[in-house]
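J.: Mind looking over this structure? Questions follow.
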Amino acid sequence: MGEVLRAWFVPNGSYLMEFAEDGDGGPSVEALQAIGREIRESLRPDALIVASPHWQPKAAFYVDDGPQHESFNDYPLRPAPFGRRVFAYEAPGHPALAQALLAAGRAAGLPVVPKRYGLDHGAFCPLKVMGVTLPTVPISISQRSSTETLRWGETIRAAVAATRLRVVVLAPGNLTHRLDLRQEDEREGFFAPGARFDERVIELVTTGRTLDVDAIDPEILRAAAPEAGNRPLFLLAGVTGNRAGRLLRYHGMKYSVGDATFAFDPAPAAA
Amino acid sequence: MSGDDLVARTPFVYDALRKVGVARARDRAGRPWVLEFVEHRADDSRVAVVHAPDGTTRTLTLTDEDVRVAGEAVSVRGLDGVELTMPELYARKLRGFTRGNVPTPDVPGPSLP
């Protein structure tokens, strides 16, 4: 019987690759590198599923069933203030696991379709900083409802259980995500409405009430503009049986982005 | 060069204020074409306003299969006979965009996508 060994919500800002490359570290880089060591040295999974928050189709949940995945650079490539260096990453695919997800999604009546896509920075930035290269299935986070995203997560969990694979799942994203307020220099404080939102989400996730994120005051939600509309958290709730997350690190980046890292230990799958 | 100038010269940018992706390519004669992806439809097709070098515009509805990228070459259904090129780095970014990617914006807005 297959198993989701562990799942994480991690930051994915392309600047993290620069911090890592320059050896500057920082809270989020250190958290990602620690997860990388855990994956390489103790968990040793057969495969990895990564749901990029920058892959947001509307019609369906997409699954890349290709045998090899190359990165592409979907972040500004100009000089500062927003431009970034060009990074590259490549990982083998896991077509059999991808097909299992597709079949399970269809059987569950969900709009799940194959799509050759590759790895955008929402997927490859954390993997590159982690130093992890595994047979990988990229999936979209999609602009579907939180209810449907939760069901898709549950379906992924069941699909993995029906294989013989030991799998880890990564759903990158940021809590507050106000890039329009971004400052290159760190400030003492953090965008106050964002800080309040992040604090609330951390409380909910770490007490097993992730699904209540949908009940947060819409005005607070609008002000924080969380990445991919909190859908990575709903996907993870489905994948893990709605288990509480452990907050590994939190850091308000560049005044405008809430970098939170949560680890989730999935509930045992039903026999 | 100002930030606005940089954005205007970049072969593919995402403007999160307008929710528009803008691709700038050249044909075999070196003439500039601009494709503004102005709408992401519920079926994942994109509505693109094409600005041709002669000053004319046309509007196309494109699926991801309608925009083919190979190296620096970009072909677009509805622009038959027009062979466009852009730097491969950006051509790949354009391909991802047509397949559902929401890039980190070059022009940030208060919400995404």
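The values are calculated or read from the model by the stated rules, or taken from the named source; none is laboratory data. Everything numeric in this text was worked out from a predicted model, so none of it was measured. All Cβ positions, glycine included, derive from the backbone under ideal geometry; neighbour counts span all protein chains shown.
J.: What's the number of the only condition in (1) surrounded by fewer than 20 Cβ atoms within 10 Å (Cβ to Cβ); (2) within 14 Å of another protein chain (Cβ to nearest Cβ); (3) not β-branched (Val, Ile, Thr) that B:PHE97 fails to meet?
T.: The single condition B:PHE97 does not satisfy is (1).
J.: With the condition kept exactly as written, say whether any residue in the range B:46-56 is among the hydroxyl-bearing types (Ser, Thr, Tyr), modelled with pLDDT of 95 or more and farther than 27 Å from A:ARG116 by Cβ. It would help to see each step written out before you state the result.
T.: Pass one, the range B:46-56, residues among the hydroxyl-bearing types (Ser, Thr, Tyr): B:56.
Remaining after also requiring modelled with pLDDT of 95 or more: B:56.
Pick out the ones that are also farther than 27 Å from A:ARG116 by Cβ and you get B:56.
Yes: the range B:46-56 contains one or more residues that are among the hydroxyl-bearing types (Ser, Thr, Tyr), modelled with pLDDT of 95 or more and farther than 27 Å from A:ARG116 by Cβ.
J.: Where in the range A:11-102 are there strands (runs of 3 or more DSSP E), lying wholly inside it, with at least 3 residues that are away from chain B (no Cβ under 14 Å)? Spell out the reasoning first.
T.: On the way: elements: A:47-52, A:61-63, A:68-70, A:90-92.
Output list reads A:47-52.
J.: Based on this model, can you work out whether B:GLY78 counts as outside any strand (DSSP E or B) and at the interface with chain A (Cβ under 9 Å from one of its Cβ atoms)?
T.: Criteria not met by B:GLY78.
J.: Also, I was wondering about something else. Can you confirm whether the range A:189-198 contains a residue that is surrounded by 18 or more Cβ atoms within 10 Å (Cβ to Cβ), within 30 Å of A:GLU18 (Cβ to Cβ), within 12 Å of another protein chain (Cβ to nearest Cβ) and in contact with a His (Cβ under 8 Å, 6 or more places away or on another chain)?
T.: Taking every residue of the range A:189-198 in turn, none turns out to be surrounded by 18 or more Cβ atoms within 10 Å (Cβ to Cβ), within 30 Å of A:GLU18 (Cβ to Cβ), within 12 Å of another protein chain (Cβ to nearest Cβ) and in contact with a His (Cβ under 8 Å, 6 or more places away or on another chain).
J.: Can you list residue pairs whose Cβ atoms sit under 6 Å apart, with the first residue in the range A:1-17 being over 12 Å from A:PHE87 (Cα atoms) and the second being part of a helix (DSSP H, G or I) and of a type in the set (Ser, Thr, Tyr)? Count only pairs 6 or more apart in sequence or on different chains.
T.: From the range A:1-17, the pairs are A:ALA7/A:THR240; A:PRO11/A:SER28.
J.: Can you tell me which residues in the range A:253-271 are out of contact with any Asp or Glu (no Cβ under 7 Å at 6 or more places or on another chain) and either farther than 23 Å from A:THR163 by Cβ or buried (at least 22 other Cβ atoms within 10 Å of the Cβ) (or both)?
T.: A:TYR255, A:SER256, A:VAL257, A:ASP259, A:THR261, A:PHE262, A:PHE264
J.: Is at least one residue of the range B:50-61 more than 13 Å from chain A (Cβ to nearest Cβ), among the basic types (Lys, Arg), surrounded by fewer than 16 Cβ atoms within 10 Å (Cβ to Cβ) and assigned to a loop (DSSP other than H, G, I, E, B)? I'd like the intermediate steps shown before the answer.
T.: Residues of the range B:50-61 that are more than 13 Å from chain A (Cβ to nearest Cβ), as a first pass: B:50-61.
Narrowing further to those that are among the basic types (Lys, Arg): B:58.
Narrowing the set further to residues that are surrounded by fewer than 16 Cβ atoms within 10 Å (Cβ to Cβ) leaves B:58.
Checking the rest, the ones that are also assigned to a loop (DSSP other than H, G, I, E, B) come to none.
For the range B:50-61, residues more than 13 Å from chain A (Cβ to nearest Cβ), among the basic types (Lys, Arg), surrounded by fewer than 16 Cβ atoms within 10 Å (Cβ to Cβ) and assigned to a loop (DSSP other than H, G, I, E, B): absent.
J.: Can you name the residue in the range B:1-33 that is surrounded by fewer than 15 Cβ atoms within 10 Å (Cβ to Cβ) and under 19 Å from B:LEU79 (Cα atoms) and is also nearest to the other protein chains (Cβ to nearest Cβ) among such residues? Break it down stepwise before answering.
T.: Quick first cut of the range B:1-33, residues surrounded by fewer than 15 Cβ atoms within 10 Å (Cβ to Cβ) only: B:1-2, B:4-5, B:8-9, B:17-18, B:28-32.
Keeping just the survivors that are under 19 Å from B:LEU79 (Cα atoms) gives B:28-32.
On the way: B:ARG28: 25, B:ALA29: 26, B:GLY30: 22, B:ARG31: 24, B:PRO32: 19 Å.
Result: B:PRO32.
J.: Sticking with this one: Please go through (1) at the interface with another protein chain (Cβ under 7 Å from one of its Cβ atoms); (2) without any contact (Cβ under 8 Å) to a residue 60 or more places away in the chain for B:PRO105 and return the number of the only condition it doesn't satisfy.
T.: Status for B:PRO105: all satisfied but (2).
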